[in-house]
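I have placed the structure first, in the form of structure tokens, so that the comments after it can refer back to it.
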Amino acid sequence: MRNVLKAGDAFGTHRALQPQGALPQPADRLDNDFSRLFAGEMLVSVETLNVDAASFRQMEEAGGDVGERVLSTVRERGKQHNRVTGSGGMLLGRVAQLAEGRPAGEAIAVGDRIASLVSLSLTPLRIDEVRAVRPASAQLDVVGEAVLFASSPYAKMPSDFADRVALAALDVAGAAPQVARLVKPNATVVILGGGGKSGVLCACEARRAGGPGATVIAVESYAPYAQEIEALGVCSAVVRADARDPVATRAAVLDETGGREADLVLSCVNVDGAELSAIMCTRDRGITYFFAMSTSFTRAALGAEGVGKDVDLFIGNGYAHGHAEHTLDLLRSNASLRQLFERRYG
Ligand code: NAP
């Protein structure tokens, strides 16, 4: 049992070293000395990291070993907070200690297995060893420890999914519930990166919310993923295009819709430079929704202005009430979607 100091606050400002007292997400460096805990903290024995897709891709493109890059970031910052993409990921582990001052009525015990639903970019983390790197799922098996704060959401691991599959789905749990809120019956919805992890969830949710009269179009550049989303049978069309080319993407999408722009365009890519494709496929007063962490606020805002598009630009909040259960239920309700996840991420 580690000693518990009284000084902790629910948001984790007590762990910010640089600058001191900052919130942990914008902080440059966190205290990852877990020889003592602070009030309100949950100590987790970490088994797997699910690195954010944009971050993983950036590390791959930068060259070298991704495991080494993660180790070096965590050594330097006390958290897995990619300096280029600004994004993190989430973790799977076992509860090792619950310090006093946790939220009242919390149904969790030492030994329970949990997935954090808060970004690694604000989670104090120490890694002792990287045991495996799995590029297909952007997951790393590690030996290490982390703490979650009293304000940090997490989910108990479900018993009816393999860990890796549940972790993959929970990483992007914010996406589908927000699609369910935004898609009206018979809507036209376009998903950039529609064959990726969040993309397929968004496509299935768009079909469920929009009904049989909806037009759901996935834009995907990776041929095997394009084939897989096509085989799911939820899309009206799957466009093989590079979403970093706005003119070609818009033309290909309008070709499929008979010239109609979309009510909602979701950007679920793991690369930068897709902002204008998303905006240019959206109808006047429609919604462009940037789930991708590779999105540039400046490019989106100035890009919309530059092409004279009066559309609402949404930033994808990783959190929505009940998002973990919503996303797992979506997988439970669609056997083909679940099989796709099990094949790819299991
Ligand atoms: P993913 O599984 O890697 O899916 C991204 C998909 O986009 C892949 O199929 C990818 O193909 C495709 N793609 C890449 N470049 C493209 C291009 N130029 N044109 C068309 N398609 C392209 O990623 P994910 O886990 O779903 O994550 C998607 C995004 O959501 C990432 O940017 C991630 O950072 C973000 N995210 C956001 C939150 C949040 O809370 N808002 C939470 C988690 C993740 P390849 O396989 O060839 O790369």
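Worth a mention:
- Principal axis analysis of the Cα atoms in the chain yields extents of 66, 42, 39 Å, listed in decreasing size.
- The tail of the calculated P(r) for the range 211-326, taken as Cα-Cα distances beyond 26 Å, holds 17 percent of the pairs.
- Using alpha-carbon coordinates, inclination of helix 323-333 to the longest axis of the chain, degrees: 60 degrees
- Projected area, mean over directions - the range 1-73, Cα convex hull, nm²: 6.0 nm²
- Peptides ranked, highest mean first, by Cβ atoms within 10 Å: ranges 20-30, 197-207: 197-207, 20-30
- Distance violations [Cα-Cα > 32 Å] among Lys79/Lys184; Lys156/Lys197; Lys79/Lys309: Lys79/Lys184; Lys79/Lys309
- Coordinate range of the alpha-carbon atoms in the range 64-201 per principal axis, descending: 50, 46, 27 Å.
- Protection proxy ranking of 35-43, 77-85, 109-117, 166-174 - average other beta-carbon atoms within 10 Å, highest first: 166-174, 77-85, 35-43, 109-117
- Test item: Cα-centred dipole of the chain, Lys/Arg +1 and Asp/Glu -1 on Cβ, debye: 360 debye
- In plain terms, the bigger the Kirkwood radius, the slower the diffusion; for the range 266-346, with that radius from Cα pairs, at 20 °C and 1.002 mPa s, Stokes-Einstein puts D at 149 µm²/s.
- Taken along its principal axes, the alpha carbon cloud of the range 176-252 reaches lengths of 28, 24, 20 Å, longest axis first.
- The orientation-averaged projection of the convex hull spanning the C-alpha atoms of the range 77-116 amounts to 3.9 square nanometres.
- Antiparallel bridges, percent of DSSP beta bridges restricted to the chain (to nearest 5): 60 percent
- Listed residue (Ser198, Phe56, Met90) projecting farthest to the positive dipole end of the chain, Cβ model: Met90
- Centre-to-centre, using Cα atoms only, the range 319-345 and the range 1-70 are separated by 27 Å.
- The range 193-331, dipole about Cα centre (Lys/Arg Cβ +1, Asp/Glu Cβ -1), debye to the nearest 20: 40 debye
- In a simple Cβ point-charge model (Lys, Arg +1; Asp, Glu -1; nothing else charged), the range 1-64 has a dipole of about 320 debye relative to its Cα centre.
- The range 214-278: proportion of alpha-carbon pairs further apart than 17 angstrom, %: 36 percent
- Inter-part distance where the range 255-287 and the range 73-112 are each reduced to a Cα centre, Å: 35 Å
- Applied to the range 279-284, the Karplus parametrisation 6.51 cos²θ - 1.76 cosθ + 1.60 on θ = phi - 60° returns per-residue 3J(HN,Hα) values of 5, 6, 9, 8, 6, 4 Hz, with x for Gly and Pro.
- Two-site label geometry, Arg2 and Glu325: point separation in nm, points 7 Å out along Cα→Cβ: 3.1 nm
Where a number appears in this text, it was derived from the coordinates with a stated rule and is not lab data. Please read these numbers as outputs of a predicted model, since none were measured by experiment. Neighbour counts are summed over all protein chains in view; Cβ atoms, including those assigned to glycine, are modelled from backbone coordinates with ideal geometry.
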